[in-house]
Amino acid sequence: MRLFSDYHSHPQGHRVQPYTRELLQRWIDSARAKGLRDIAFTDHDRFHAGIDFDKIDEVREANPDVKIRAGIELDNDPETSASGRAWVEKNWDHLDFVLGSVHYLDRPDQMFDTVPEGAAQFAGRDIDGVYADYFRRIRDIAATGLIDCLSHLDLVKIHGHRPHGPISSLVGETLDFIRSRNLAIELSTAGWRKPVGEQYPSDEIIRLAKEKGIPFTTASDAHSHAQLADRFDELAARMQSLGVREVSMFERHQRIAESV
Ligand SMILES: [Zn+2]
Ligand SMILES: [Zn+2]
């Protein structure tokens with residue numbers, strides 16, 4: 001099994017770095033070198049000022065062998081997400097793909113997934129309660145109607161905190177909601193680079209999602225062009241063992257399924 005699409009990438013990295021032909025071309029060259037033929041740029045919505053649809057069109061024209069999707073990762077930042085949502089609404093027809101993410105829990109000033117600082121937000125907490133609260137926030141972002149796919153669905157495990165109860169009882173309602181909204185979830189290799197050392201989401205959640213008929217994208221969450229398709233061989237092996245035989249791509253928010 002060979003994976004050919006990466007639907008989570010950050011050309012701007014961690015700051016506003018306006019799109020140019022040169023910046024985007026480095027990502028296309030890396031995609032091609034790694035055997036990818038369909039990629040989505042999904043910079044964080046707080047950096048939407050750097051996104052330039054005309055530049056995306058230019059690299060599309062120069063690279064007809066690679067499908068290049070215009071996307072964004074919309075999150076629940078208490079400060080920036082209102083402006084991010086407004087931007088997504090305004091540019092909906094230019095966008096192929098919108099990821100929905102929860103990076104904030106109770107603290108409005110710190111993403112819980114910063115390593116190692118964010119781990120302090122879990123200290124002394126009832127972890128099942130934190131999970132329940134996290135998945136409630138996932139349902140909230142899924143309910144906006146502005147999302148095509150949920151990113152790193154069980155990001156809450158990032159620092160290695162595990163719930164006491166079965167994960168199915170914590171995530172079940174959320175998976176049903178995702179299915180009812182006809183949204184996809186991503187299979188992400190990023191968790192292998194984090195303290196938890198496990199892909200997002202866990203095998204168990206992938207099994208539950210598959211049973212419910214939820215479609216999957218494949219994703220690296222690359223913050224550098226060298227990270228595109230990171231550990232996709234391992235992901236392919238995991239998908240094979242879980243019986244996931246189909247991946248999803250998106251064009252103007254329409255899902256395209258393909259066998260792998
Ligand atoms: Zn994210
Ligand atoms: Zn991301």
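The values are calculated or read from the model by the stated rules, or taken from the named source; none is laboratory data. This structure is a prediction, so every number in the text was calculated from the model and none was measured. Every residue, glycine among them, receives a Cβ derived from its backbone with ideal geometry; neighbour counts consider all protein chains shown. Accessible surface areas use protein heavy atoms only, side chains included; no ligands, DNA or RNA. Shrake-Rupley method; radii C 1.70, N 1.55, O 1.52, S 1.80 Å.
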Could you look through the range 169-195, keep only residues that are open to solvent by less than 50 Å² (accessible area, probe 1.4 Å) and more than 16 Å from ligand 2 (Cβ to nearest atom), and pick out the one that is nearest to the chain's Cα centre (by Cα)? L183
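I'd like the full set of residues that are closer than 26 Å to Q12 by Cβ and either assigned to a loop (DSSP other than H, G, I, E, B) or of a type in the set (S, T, N, Q) (or both), limited to the range 223-253.
Of the residues in the range 223-253, the ones closer than 26 Å to Q12 by Cβ are 223-232, 235, 247-253.
H223, S224, Q227, L228, A229, D230, R231, S248, R252, H253 - these are the residues of the range 223-253 that are closer than 26 Å to Q12 by Cβ and either assigned to a loop (DSSP other than H, G, I, E, B) or of a type in the set (S, T, N, Q) (or both).
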By residue number, the members of the range 78-132 that are more than 30 Å from Q254 (Cβ to Cβ), small (G, A, S) and in a helix (DSSP H, G or I) are G118, A119, A120, G129, A132
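Does R69 satisfy the criteria of being assigned to a helix (DSSP H, G or I) and at pLDDT 95 or above? Steps first, answer last, please.
On the way: assigned to a helix (DSSP H, G or I): no; at pLDDT 95 or above: yes.
Answer is no for this residue.
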Would you check if V247 is at pLDDT 95 or above, open to solvent by less than 10 Å² (accessible area, probe 1.4 Å) and touching a strand residue (DSSP E or B) at 6+ places or on another chain (Cβ under 6 Å)? yes
Quick one: in the range 56-72, which of the residues that are away from ligand 2 (no atom under 16 Å from the Cβ) and touching a residue at least 40 places away in the same chain (Cβ under 8 Å) is most open to solvent (accessible area, probe 1.4 Å)? K67
Check whether at least one residue in the range 84-107 is hydroxyl-bearing (S, T, Y), under 15 Å from the mean Cα position of the chain (by Cα), open to solvent by less than 30 Å² (accessible area, probe 1.4 Å) and closer than 20 Å to A219 by Cβ, and report yes or no. yes
Scan the range 124-134 and give yes if some residue there is farther than 21 Å from Y7 by Cβ and within 16 Å of ligand 1 (Cβ to nearest atom), otherwise no. yes
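Quick one: would you say D75 is among the charged types (D, E, K, R), open to solvent by less than 10 Å² (accessible area, probe 1.4 Å) and at negative phi? Reasoning before the result, please.
Working: among the charged types (D, E, K, R): yes; open to solvent by less than 10 Å² (accessible area, probe 1.4 Å): yes; at negative phi: yes.
Yes.
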Count of the range 1-41 residues which are crowded, with 19+ Cβ neighbours inside 10 Å, touching a Gly at 6+ places or on another chain (Cβ under 7 Å) and touching a residue at least 60 places away in the same chain (Cβ under 8 Å): 2
Is there a residue in the range 201-219 that is touching a strand residue (DSSP E or B) at 6+ places or on another chain (Cβ under 6 Å), within 16 Å of ligand 2 (Cβ to nearest atom) and of a type outside the set (G, A, S)? yes
Test: D45 is surrounded by 17 or more Cβ atoms within 10 Å (Cβ to Cβ), touching a residue at least 40 places away in the same chain (Cβ under 8 Å) and away from ligand 1 (no atom under 13 Å from the Cβ): no
List every residue pair whose Cβ atoms lie under 6 Å apart, where the two residues are 6 or more positions apart in sequence or sit on different chains, the first residue falls within the range 242-260 and is basic (K, R), and the second residue, located anywhere, is outside any strand (DSSP E or B). R252/D96
Among the residues of the range 154-184, write down those that are within 16 Å of G129 (Cα to Cα) and either without any contact (Cβ under 8 Å) to a residue 12 or more places away in the chain or part of a helix (DSSP H, G or I) (or both). L155, V156, K157, P166, I167, S168, S169, L170, V171, G172, E173, T174
